[in-house]
Amino acid sequence: MSKEKLIILGCGYLGSAAGAALLRSPRHRERFGELIATTTTPARAEELERLGLSPEVMELAEESRLRELLAGCSAGLLTVAPAK
Ligand SMILES: NC(=O)c1ccc[n+]([C@@H]2O[C@H](COP(=O)([O-])OP(=O)(O)OC[C@H]3O[C@@H](n4cnc5c(N)ncnc54)[C@H](OP(=O)(O)O)[C@@H]3O)[C@@H](O)[C@H]2O)c1
């Protein structure tokens, strides 16, 4: 059976810390095959990839893209910071 996917929407300071902790967790690795992490900036996507996450560059307002990503995941964390 293929492993589940988890998504971190808005993977900044808090999301990266959560993602890194999940990647270190044997329980997480047993259950989840991929940890998707979203950002709005391509440079940040490279950093997320270096952490071992699967980056997606997107804005929350991209509704169809968001639905598509969420449809493939069985769990998620929402760590988008509110607009200033
Ligand atoms: N930092 C803490 O210690 C802490 C503690 C408790 C609670 N919080 C709360 O947790 C939330 C996240 O904090 P943080 O420190 O992790 O913030 P952060 O480092 O600024 O990360 C926020 C993330 O949200 C993304 N984002 C912002 N606007 C977006 C939009 N319109 N569409 C899609 N993604 C968007 C950012 O994209 P980019 O990657 O492109 O910037 C970034 O990945 C905030 O509400 C904060 O108040 C933070």
Worksheet item: What relative contact order, as a whole-number percentage, does segment 4-78 give when Cα pairs under 8 Å and 6 or more residues apart are counted?
Response: 41 percent
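Kindly give Rg over Rh for segment 4-78, based on alpha-carbon atoms, with the Kirkwood expression for the hydrodynamic radius.
On the way: Rg = 11.5 Å, Rh = 12.2 Å.
Radius of gyration over Kirkwood radius for segment 4-78 works out to 0.94.
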Response to the item:
With segment 32-75 reduced to its Cα atoms and the Debye formula applied, log10 I(q)/I(0) at q = 0.16, 0.27, 0.33 1/Å amounts to -0.42, -1.00, -1.15
Response to the item:
Any residue on another chain or 5+ positions along whose placed amide H is under 5 Å from the amide H of E34 is listed here as L6
Worksheet item: By how many degrees, between 0 and 90 and to the nearest 10, does the Cα long axis of helix 13-24 differ from the longest principal axis of the chain?
Response: 10 degrees
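Values in this text are rule-based calculations from the coordinates and carry no lab data. Treat the numbers as computed from the prediction; the structure is a model and nothing was measured.
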